[in-house]
Amino acid sequence: MGAKGFCQKFDDLAQTPPMGWNSWNKFACDVNEELIRETADAMVASGMKDAGYEYIIIDDCWHGERDEKGFIHANKEKFPSGMKALVDYVHSKGLKFGIYSDAGWQTCGGKPGSRGREYQDAQTYAEWGVDYLKYDWCNTEGLKAEGAYLTMRDALYEAGKPIVLSICEWGDNQPWEWAEDIGHLWRTTGDIYPCWDCEEDHGDWSSWGILRILDMQKGLRNYAGPGHWNDPDMLEVGNGMSTSEDRAHFTMWCMIAAPLIAGNDLRNMNETTRAILTNKDVISINQDRLGVQAFKYSEDDGLEVWVKPLANDEWAVTFLNRSEQERKIDFNWKDHPFEDPDFSYKVDFNNAQYKLYDVWKHTSMGSTQKELEASLPSHDVLTLRLKS
Ligand code: GLA
């Protein structure tokens, strides 16, 4: 039990989707303290911290052994200064620190998991000053997800240090139905892969391209909101797709209020990647305080229109061209009243007028009084903020 005699989740955290960086997508098990320190430096120097990115998260494989009392330690070769010193370094940059464990007896990478050690590990993370825990689901034979994540939630609360709990069971047990009071975000799918529309077959599991993951979010938007987010997995921006695909991927993750956890090498990114990740006009759509995910308004042979209600009666609208051809956009606002299918937001452009602002070109685009005409390249987006 916590000091107040009961356990709960730390309530005030993640009121907007968490933003940060995680080592897994680019570095997998190849993590060490230089990488983390240099990444923290790069997060500041690149302008990402200024754009809102906050958490530096080490994913799998930081682990060494448990000692004779069962306490976990970082791998001594990879983290010779120890985890506490690394957390202090990240904090000294004005950033927060995230770590990774697993509800089973081993992590997905075969390192020690937290099963049966939940309270002990939570205490260790709290002592190190950790701010965020990604908690995975490999090697969990005989466990039930809701109970296992509840145990770790209570362990973190008991340890007393506010820590964001990121649930990573890949959507296998419908966490959106039970995790609102347990974690701050939950993965909705298997792992992401840096391709537009592919399935990457790993034998007994697959990872998924951007559009595949996007389509798997169907039906989930009414479960998310401030403090409890659907997590369609970390960003692959800068990891090999084309510029327009990276832009579309980033935009759609912003539209669906996804956590924005970069997964590229921040130390060596080019200006194009940096500009995508730090576009504050797009990020402000993601971080909007209403915390409502976009809904798909229409689809026509690969051209989709997505609509996100924003605070102060504003809206974000994205035209997404999934197809292989350039597409013409011809959109008469007055013929398209928006009505949110899950919440009460609606607008009829015959009665309301908005200015249009292109969040990628950073230019005004007229108003909703006039028909929108544009051409949209393949695998790209046009995203407008409707300002009152
Ligand atoms: C699982 C998770 C990934 C990553 C790896 C680490 O596959 O879904 O995001 O954490 O484990 O081994």
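The values are calculated or read from the model by the stated rules, or taken from the named source; none is laboratory data. Please read all numbers here as calculations on a predicted model, not as lab measurements. Note that we place each Cβ from the backbone using ideal geometry, even for glycine, and neighbour counts take in every protein chain shown. With ligands, DNA and RNA removed, areas are computed over all heavy atoms of the protein, side chains included. Shrake-Rupley method; radii C 1.70, N 1.55, O 1.52, S 1.80 Å.
Across the range 297-326, what is the number of residues that are of a type outside the set (Ser, Thr, Tyr), in contact with a strand residue (DSSP E or B) (Cβ under 8 Å, 6 or more places away or on another chain) and in contact (Cβ under 8 Å) with a residue 40 or more places away in the chain?
14
Looking at the structure I just gave you, is residue 67 of a type in the set (D, E, K, R) and surrounded by fewer than 19 Cβ atoms within 10 Å (Cβ to Cβ)?
Yes, satisfied.
Matching residues to (1) within 16 Å of the ligand (Cβ to nearest atom); (2) open to solvent by 10 Å² or more (accessible area, probe 1.4 Å):
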| site | (1), (2) |
| --- | --- |
| 216 | yes, yes |
| 221 | no, yes |
| 230 | yes, no |
| 239 | yes, yes |
| 251 | no, no |
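Would you mind stating whether residue 46 is among the hydroxyl-bearing types (Ser, Thr, Tyr) and open to solvent by 10 Å² or more (accessible area, probe 1.4 Å)?
Yes; evaluated as a whole, the condition is true for this residue.
I need the full set of residues from the range 189-214 which are within 18 Å of residue 28 (Cβ to Cβ) and surrounded by 14 or more Cβ atoms within 10 Å (Cβ to Cβ), in order please.
Once the filter is applied, which keeps residues that are within 18 Å of residue 28 (Cβ to Cβ) and surrounded by 14 or more Cβ atoms within 10 Å (Cβ to Cβ), the range 189-214 yields 190, 191, 192, 193, 194, 195, 200, 206, 207, 208.
Go through the range 323-340 and report how many residues are surrounded by 17 or more Cβ atoms within 10 Å (Cβ to Cβ) and part of a strand (DSSP E or B).
Count: 3.
Of the residues 265, 281, 233, 215, which is within 22 Å of residue 380 (Cβ to Cβ), among the acidic types (Asp, Glu), touching a helix residue (DSSP H, G or I) at 6+ places or on another chain (Cβ under 8 Å) and assigned by TED's automatic domain parsing to the domain that holds residue 57?
233
Residues checked against (1) modelled with pLDDT under 95; (2) open to solvent by 50 Å² or more (accessible area, probe 1.4 Å); (3) over 20 Å from residue 96 (Cα atoms); (4) more than 14 Å from the chain's Cα centre (by Cα):
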position: 153; (1), (2), (3), (4): no, no, no, yes
position: 163; (1), (2), (3), (4): no, no, no, yes
position: 166; (1), (2), (3), (4): no, no, no, no
position: 178; (1), (2), (3), (4): no, no, yes, yes
